[in-house]
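Structure first, commentary second.
Since every read-out is calculated from the coordinates, none of them should be taken as a lab result. On a predicted model such as this, the values are computed, not experimentally measured, just so you know. Every residue, glycine as well, gets a Cβ built from its backbone with ideal geometry; the counts of neighbours run over all protein chains shown.
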Amino acid sequence: MTQETGGFAAFNLNPNILAAVAATGYEEPSAIQHQSIPIIMAGHDMIGQAQTGTGKTAAFALPILHRIDPAKREPQALILAPTRELALQVATAFETYAKQMPGVTVVAVYGGAPMGPQLKAIRNGAQIVVATPGRLCDHLRRDEKVLATVNHLVLDEADEMLKLGFMDDLEVIFKALPATRQTVLFSATLPQSIRAIAERHLRDPQHVKIQTKTQTVTAIEQAHLLVHADQKTSAVLSLLEVEDFDALIMFVRTKQATLDLASALEAKGYKAAALNGDIAQNQRERVIDSLKDGRLDIVVATDVAARGLDVPRITHVFNVDMPYDPESYVHRIGRTGRAGREGRALLLVTPRERRMLQVIERVTGQKVAEVRLPDAQAVLDARIKKLTNSLTPLVADAESTHGDLLDRLIADIGCSPRALAAALLRKATNGQALTLAAIERDRPLVPNSAPRERSERSGDRPDRGDRERRAPVPLAEGRARCRTALGARDGIAAKNLLGAILNEGGLAREAIGRIQVRDSFSLVELPEVGLESLLAKLKDTRVAGKQLKLRRYRED
C-alpha cells in the first residue's frame, strides 16, 4: 500500500491535481502522504494518527479531489475541523490543489460569518464542504438533507474536536450522512473516546501511524516575538535596528507581501529585494548572486521561491509570516547556520498563531524562546553606534581636507560650529529620530504574552455551596461579564463554552477572558466593544444540545 519512489506521480492522481501540487513546489510526498493517499484513493475507511505539520491535509485532500466528480453540482466531500482557523486553512489548501480542476468549488462553513451565503454555496453545488461542527449543525437544523449526497467524510484533529465539546454535534452530523460514505479520521492521539467513534462509525478502517522526526539545526538560535498582524513591518524595522546581521532572508506567505516588505525596507535605506514565483529565472539568479557578493543584504521571499537557496553569509532568518507547517519552518531556518557558522532565526507570532508555535515546538522538540521588541533606549544606542562607526574613519583627516570649507560655511551662514555640526548630522541621518521620546512614539504595540488563567482547575474545587456563593473575580479593563444558565449540573465544562464561542462568535482565543463554571450557571468574560453584536450572533448557539442563551451579567 505504500509508494517508495516517483514522487506524487506514482499515485496516479488526476494530472490537473499533479500540476497544482507541482506549482506549490512540493516534490516528494511526506510519510503520512505515502501511506494514506493509496488507502483513501482505494475507498477504504482509515484512522490516521499524525501530528499537525506532518502534511496530513494533502494526505486526504489530494485523493478526495481525485475522486470528486466535477460534473455533479452537489456536496460530495465533508471535512470537519475543530476551529474556524483550521477550517479556513484546510479550505485554502483544497482550493490550491483544485486550482486546475474546472467546476470544482470549495465552501468554508464556520461561525462568525452569515449563514445565508454559506447555505447558498452548498445548495449551489460546492463539491467540497469544510466546516466546524457547531455551525454545520445550525445548517442541518435549517435543511436536514443538506449532506445527503456526501460520500467522503474527514474528521481532522478529531481529538481537538472532542476537547472542545463537539461530541453531540458529531453524532448529529453522522446521522445526517449516507451510511455508505467513506470515513477518514485523523487525530494526534487516540484516546478511548476517539476509538469509540471509530468503532461506531468506521467500517474496517485501516490504520496509519506516523512518528514525526523533524529536528532543527542546534547551531541556530531560535526566538519568537509576539506582534499584532498590522504592525509586522514596524516590528521588522525595529528588530533590524539592533540585530547585528551580515545577510538576512525574510519569509512571507504571498508574492505581494514580498514586494511590499522589500519596498518598505528599501525606503529605509536597506539593500533589499523580493524573491517570488513570478520572478524570472535569470532575475532570481541575479538576486542570489547579489546576496552572495554583498550588493544585497536582505531578500524577502516566499517558501517556493527560496527552495534550494544556499548563501553562506546569511546569518539571520526572519519568519515574518508564520509557516503553514513545522517542516516549512525547519526548511526556512535551515537557510542560516551553514558551513559551521552560527545562525539566528526569529519568528513573528500574532495572537491567533500561538497554537502553531506550540505545534512547531512539539514537532521539532525544541523550545522557541520569547523575546521582546527592543526598547527605545536600545534603538537609540544602536542608531548612535551606527552613526559613530560611520564617522570615526572620516575624522582623522577631515580638518585638513574640509577645515577651510567649515570656516567659510560658519561665516556665510552666521552660525556657531555646534549649530553647523548639528545641521550636518541631521542631513547625514536623513532626519532619523535620535531621541528617546521620538523612538518610543514610533514603536509598534505588542500583544500581552502573559498566560491566561484557567477556570476551575480540577483537584482544587470548593464544594457546591461555596461555588454558588463565591463572588465573581474583578473584571479586566475592556471586558464585560456574561452569564448563561448552563452549568456543571448540565454536564458543561469551560472547554465546551470556549469551543462554542470560538466557532460561533468568530472570536480569536485571546479575546475571551476567564470562564467560570458554577453548578447552575456559568460566567464568561467577553470584549466590551461589540458585545451586543456578538451576543446576537450567539443567540441560537447550542452547547451539549442545550441553548446557550448568553446575556450580559449585572453585578448589582
Between residue 144 and residue 485, take the C-beta separation as r, use R0 = 35 Å, and let me know the FRET efficiency to the nearest 0.05.
0.80
What residues have an amide H closer than 5 Å to that of residue 334, excluding those fewer than 5 places away on the same chain, when H is modeled at 1.01 Å from N in the peptide plane?
none
Local charge sum around residue 274 (other residues, Cβ-Cβ under 12 Å, Lys/Arg +1, Asp/Glu -1)?
-1
Determine the shape class of region 18-110: with a ≥ b ≥ c the square roots of the Cα gyration tensor eigenvalues, call it rounded for a/c under 1.5, and otherwise prolate if a/b is greater than b/c, oblate otherwise.
rounded
Find how many whole Å separate the alpha carbon centroid of region 171-210 from the alpha carbon centroid of region 223-282.
44 Å
For residue 271, go through the lysines and keep the ones whose alpha-carbon is under 22 Å away, minus same-chain ones fewer than eight residues off.
232, 255, 292, 385, 386, 427
Within region 124-155, list the residues whose amide N lies under 11 Å from a label point set 7 Å along Cα→Cβ of residue 180.
151
Taking a ≥ b ≥ c as the square roots of the eigenvalues of the Cα gyration tensor of region 8-209, is the shape rounded (a/c under 1.5), prolate (a/b larger than b/c) or oblate?
oblate
Given +1 on the Cβ of Lys and Arg, -1 on the Cβ of Asp and Glu, and no further charges, what dipole in debye does the chain carry about its Cα centre, rounded to the nearest 20?
1580 debye
Can you tell me the orientation of helix 84-97 relative to the chain, as the angle in degrees between its alpha-carbon axis and the longest Cα principal axis, to the nearest 10?
80 degrees
So if I take the centroid of the Cα atoms in region 519-551 and the same for region 21-77, what is the distance between those two points in Å?
37 Å
So which GluC sites (Glu not before Pro) in region 127-166 are both in a DSSP loop and have at most 13 other Cβ atoms within 10 Å of their Cβ?
144
Tell me the angle of helix 354-364 to the major Cα principal axis of the chain, expressed in degrees between 0 and 90 and rounded to the nearest ten.
90 degrees
Angle check, please: helix 232-242 long axis (alpha carbons) against the longest principal axis of the chain (alpha carbons), in degrees 0 to 90, nearest 10.
40 degrees
Taking the simple approach of a point 7 Å from Cα along Cα-to-Cβ for both residue 254 and residue 428, what is their distance in nm?
4.2 nm
Expressed as a whole-number percentage, the relative contact order of region 479-552 with C-alpha contacts under 8 angstrom and at least six residues apart is 44 percent
For region 292-326 versus region 115-149, the gap between their alpha-carbon centres in whole angstrom
41 Å
So what does the Cα-only Debye profile of region 479-552 read at q = 0.14, 0.15, 0.24, 0.27 Å⁻¹, as log10 I(q)/I(0), no solvent term?
-0.35, -0.40, -1.12, -1.46
Going out from 0 in 10 Å bins, what whole percent of all Cα-Cα distances in region 318-390 drops into each bin?
16, 39, 28, 16, 2
For residue 490, the net charge from surrounding residues (Cβ-Cβ under 13 Å; K, R +1; D, E -1) works out to +3
I'd like the FRET efficiency for residue 293 and residue 105, computed as 1/(1 + (r/R0)^6) with the beta carbon distance as r and R0 of 35 Å, rounded to 0.05.
0.15
Which FRET efficiency, nearest 0.05, do residue 400 and residue 371 yield, Cβ-Cβ r, R0 56 Å?
0.75
Could you tell me the ratio Rg/Rh of the chain? Both radii from Cα atoms, Rh via Kirkwood.
1.05
Cα gyration tensor of region 67-150, axes a ≥ b ≥ c as square roots of the eigenvalues: rounded (a/c below 1.5), prolate (a/b > b/c) or oblate?
oblate
Signed unit charges on C-beta, dipole axis of the chain, positive-most listed residue 174, 515, 186:
174
Which loop-located trypsin sites (Lys or Arg not before Pro) does region 219-312 contain, where loop means any DSSP state but H, G, I, E or B and the Cβ has at most 12 other Cβ atoms within 10 Å?
295, 307
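Determine the sum of side-chain charges near residue 137: Lys and Arg each +1, Asp and Glu each -1, restricted to other residues whose C-beta is under 9 angstrom from that of residue 137.
Result for the neighbourhood of residue 137: 0.
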